[in-house]
1. May I ask you to verify whether Pro46 is more than 23 Å from Asp152 (Cα to Cα), touching a strand residue (DSSP E or B) at 6+ places or on another chain (Cβ under 7 Å) and not in a strand (DSSP E or B)?
2. Looking at Asp92, Asp109, Asp140, Asp113, which one is acidic (Asp, Glu) and in contact with a Pro (Cβ under 8 Å, 6 or more places away or on another chain)?
3. Would you mind listing the strands (runs of 3 or more DSSP E) fully within region 103-154 where at least 3 residues are surrounded by fewer than 20 Cβ atoms within 10 Å (Cβ to Cβ)?
4. Give the residue that is nearest to Thr149 (Cα to Cα), with candidates limited to residues of region 92-128 that are of a type in the set (Val, Ile, Thr) and in contact (Cβ under 8 Å) with a residue 40 or more places away in the chain.
5. If Val87 meets every condition in (1) touching a strand residue (DSSP E or B) at 6+ places or on another chain (Cβ under 8 Å); (2) surrounded by fewer than 19 Cβ atoms within 10 Å (Cβ to Cβ) apart from one, which number is that one?
6. In region 73-89, how many are in a strand (DSSP E or B) and in contact with a Pro (Cβ under 6 Å, 6 or more places away or on another chain)?
7. Please specify each residue of region 65-84 satisfying the condition of being surrounded by 14 or more Cβ atoms within 10 Å (Cβ to Cβ), in contact (Cβ under 8 Å) with a residue 40 or more places away in the chain and not aromatic (Phe, Trp, Tyr).
8. What's the number of the only condition in (1) assigned to a strand (DSSP E or B); (2) modelled with pLDDT of 95 or more that Arg70 fails to meet?
Amino acid sequence: MRAILLFSLLAGLSGAAAAQQRESLGIFQLWGAFREPGRCYAIAEPFRSPRPEAWRPYASIGYWPGRGVRSQVHFRLSREKRAGSAVLLKIDGATFQLIGGGNNAWAPDRRADADIVAAMRTGIEMSVETRSSRGAFVRDSYRLRGAATAIDAAAIACVK
């Protein structure tokens, strides 16, 4: 069931042409790994978040070998964030501050990407919290079962 939801999430992320070029590297419990021309990524949708509006929220760890980018953390938030509001990522007992705008958030630098991915590998659950553009508290919650394997699959696929 989760695999079907994950594939439907990915179908909505890009156009039909890109979807035809997407190669599944596997579904690993609650996370999937995929390869597209020029990039690979692990991705999951939240198990709990506000009802989606015009887009679907997700968490991803991306690799762009041609750009020298690896293990880049990205969140599509369920709501557009309020300008000036902090975006906090909580993984079990650890808290990380993200940067972002609109409905996106990222780690502020490569070191933070590495720290977040390390926490995800051993974590059980994570959440992203901010204030929406309307001022409401927003929390998107993710389970991390399968995250480490999906991240590894994406990393290995982009080494080739």
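1. Spelling it out, it is not the case that Pro46 is more than 23 Å from Asp152 (Cα to Cα), touching a strand residue (DSSP E or B) at 6+ places or on another chain (Cβ under 7 Å) and not in a strand (DSSP E or B).
2. Criteria check complete, one pass: Asp140.
3. By residue number, 125-131, 137-143.
4. Out of the qualifying residues, it is Val117.
5. (2)
6. Qualifying residue count, region 73-89: 1.
7. Listed by number, the residues that qualify are Pro65, Arg70, Ser71, Gln72, Val73, Leu77, Ser78, Arg79, Glu80, Lys81, Arg82.
8. (2)
The values are calculated or read from the model by the stated rules, or taken from the named source; none is laboratory data. Please read these numbers as outputs of a predicted model, since none were measured by experiment. As a convention, Cβ positions derive from the backbone with ideal geometry for all residues, glycine included, and neighbour counts pool all protein chains shown.
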